[in-house]
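> Here it is: the structure, laid out below.
The values are calculated or read from the model by the stated rules, or taken from the named source; none is laboratory data. Bear in mind the structure is a predicted one, so any value in this text is a computation, not a measurement. For neighbour counting, all protein chains shown are included, and Cβ atoms are generated from backbone atoms with ideal geometry for every residue, glycine included.
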Amino acid sequence: MSLRFPYDLQQVPYPVVSLGGRWVRPRPIVPVLIAGTGVPILLYGRLDSAADDTIFSEHLAARIGVDLTEAPTGVATGVASGPVTVRYAQVTLCLFDQHQRYEWLGWVGFTAARLNRPLLGFAGCLQFFTTTFHGDLEVAELAVNRLYPGT
Amino acid sequence: MNQNGHRLDYALHMENRRNFPRDELNRFIGKHIAFSFDGSRIVASGEDLRELEANLVAAGIDPSRVVFDYVDPPDLVIL
């Protein structure tokens, strides 16, 4: 069984030229739960097959009970943004739909840079799934692979 | 989903989330928001996660019983 997430169809105020004049932007935004030793947080994140890491806002770290004081650090950059510092920690992540629920321990990065939504990238998340982005159906489908370490 | 005894009905949440009135959502463009577990209401908002959480707590709402989201500015392309 796999997780199936219909894309979020976000309305735009003009016809999108690159989508043949549609008035929506389909985006693979999915609910994800992140937990440390404290209270878990449920939020929407964006599946991003081009992101090397899975990244959350640093504000969430303290909230979920993750101490970043001695955390290993790295530098990350986006397509249109400059380098930012990322601090890494192991957390519990959970993806689910109405049929399935997958929970695992993975390394994610936390950044103090403005991050409107978490990025669910390769390390910590997509590495454990075979992910199919059905462009025609506008559905993302995730099936656990042999690397999946969770329950 | 069941965390700390709180249950999220995924199907109900997503159904309500998809049918959430666009006009209502547009009031929160560029803001971080918190949906009720059933996806039918936006229970708090903020300029960033810190402010959102503070507003939740001030309203007596447990931050572990909402779903955090962000309302993208509709005219922005996300890269």
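> When you look at A:LEU115, is it within 21 Å of B:GLU53 (Cβ to Cβ) and not small (Gly, Ala, Ser), yes or no?
Values: within 21 Å of B:GLU53 (Cβ to Cβ): yes; not small (Gly, Ala, Ser): yes.
Considered against the rule, which asks whether it is within 21 Å of B:GLU53 (Cβ to Cβ) and not small (Gly, Ala, Ser), A:LEU115 comes out as yes.
> Out of the residues in segment A:26-64 that are free of Cβ contacts under 8 Å to residues at least 60 places away in the same chain and in a strand (DSSP E or B), state the one that is nearest to the other protein chains (Cβ to nearest Cβ). Spell out how you get there, then give the answer.
If we filter segment A:26-64 for residues that are free of Cβ contacts under 8 Å to residues at least 60 places away in the same chain, which is where we start, we get A:27, A:35-42, A:58-64.
Pick out the ones that are also in a strand (DSSP E or B) and you get A:27, A:35, A:41-42.
Details: A:ARG27: 7, A:ALA35: 7, A:ILE41: 7, A:LEU42: 5 Å.
Filtering segment A:26-64 for residues that are free of Cβ contacts under 8 Å to residues at least 60 places away in the same chain and in a strand (DSSP E or B), the one nearest to the other protein chains (Cβ to nearest Cβ) comes out as A:LEU42.
> Condition test on B:LEU79, is it free of Cβ contacts under 8 Å to residues at least 24 places away in the same chain and in a helix (DSSP H, G or I)? Spell out how you get there, then give the answer.
Details: free of Cβ contacts under 8 Å to residues at least 24 places away in the same chain: yes; in a helix (DSSP H, G or I): no.
In short, no.
> May I ask you to list the residues in segment A:80-96 that are over 15 Å from the mean Cα position of the chain (by Cα) and within 14 Å of another protein chain (Cβ to nearest Cβ)?
A:ALA80, A:SER81, A:GLY82
> Which residue is surrounded by the fewest Cβ atoms within 10 Å (Cβ to Cβ), if the candidates are limited to segment B:1-47 and must be among the acidic types (Asp, Glu) and either farther than 20 Å from A:ARG114 by Cβ or at pLDDT below 95 (or both)?
In the first step, residues of segment B:1-47 are kept if they are among the acidic types (Asp, Glu); the result is B:9, B:15, B:23-24, B:38, B:47.
Narrowing the set further to residues that are either farther than 20 Å from A:ARG114 by Cβ or at pLDDT below 95 (or both) leaves B:9, B:15, B:23-24, B:38.
Details: B:ASP9: 14, B:GLU15: 15, B:ASP23: 7, B:GLU24: 10, B:ASP38: 14.
So the residue we want is B:ASP23.
> Hey, among B:ASP23, B:ASP48, B:ASP62, which residue is of a type outside the set (Ser, Thr, Tyr), within 11 Å of another protein chain (Cβ to nearest Cβ) and under 28 Å from A:TRP23 (Cβ atoms)? Walk me through how you get there before you give the answer.
Details: B:ASP48 fails: under 28 Å from A:TRP23 (Cβ atoms); B:ASP62 fails: under 28 Å from A:TRP23 (Cβ atoms).
Among B:ASP23, B:ASP48, B:ASP62, only B:ASP23 is of a type outside the set (Ser, Thr, Tyr), within 11 Å of another protein chain (Cβ to nearest Cβ) and under 28 Å from A:TRP23 (Cβ atoms).
> Given the criteria touching a residue at least 60 places away in the same chain (Cβ under 8 Å), of a type in the set (A, V, I, L, M) and not in a strand (DSSP E or B), does A:LEU115 qualify?
Values: touching a residue at least 60 places away in the same chain (Cβ under 8 Å): yes; of a type in the set (A, V, I, L, M): yes; not in a strand (DSSP E or B): yes.
Judged against the criteria, A:LEU115 is a match.
> Can we say A:THR77 is exposed (fewer than 13 other Cβ atoms within 10 Å of the Cβ), within 14 Å of another protein chain (Cβ to nearest Cβ) and in a strand (DSSP E or B)? It would help to see each step written out before you state the result.
Working: exposed (fewer than 13 other Cβ atoms within 10 Å of the Cβ): yes; within 14 Å of another protein chain (Cβ to nearest Cβ): yes; in a strand (DSSP E or B): yes.
Spelling it out, A:THR77 is indeed exposed (fewer than 13 other Cβ atoms within 10 Å of the Cβ), within 14 Å of another protein chain (Cβ to nearest Cβ) and in a strand (DSSP E or B).
> OK, next. Would you tally the residues in segment A:82-91 being over 18 Å from A:HIS59 (Cβ atoms) and either touching an Asp or Glu at 6+ places or on another chain (Cβ under 8 Å) or hydroxyl-bearing (Ser, Thr, Tyr) (or both)?
Step one: of segment A:82-91, the residues over 18 Å from A:HIS59 (Cβ atoms) are A:82-83, A:90.
Subset that is either touching an Asp or Glu at 6+ places or on another chain (Cβ under 8 Å) or hydroxyl-bearing (Ser, Thr, Tyr) (or both): none.
Of the residues in that region, 0 qualify.
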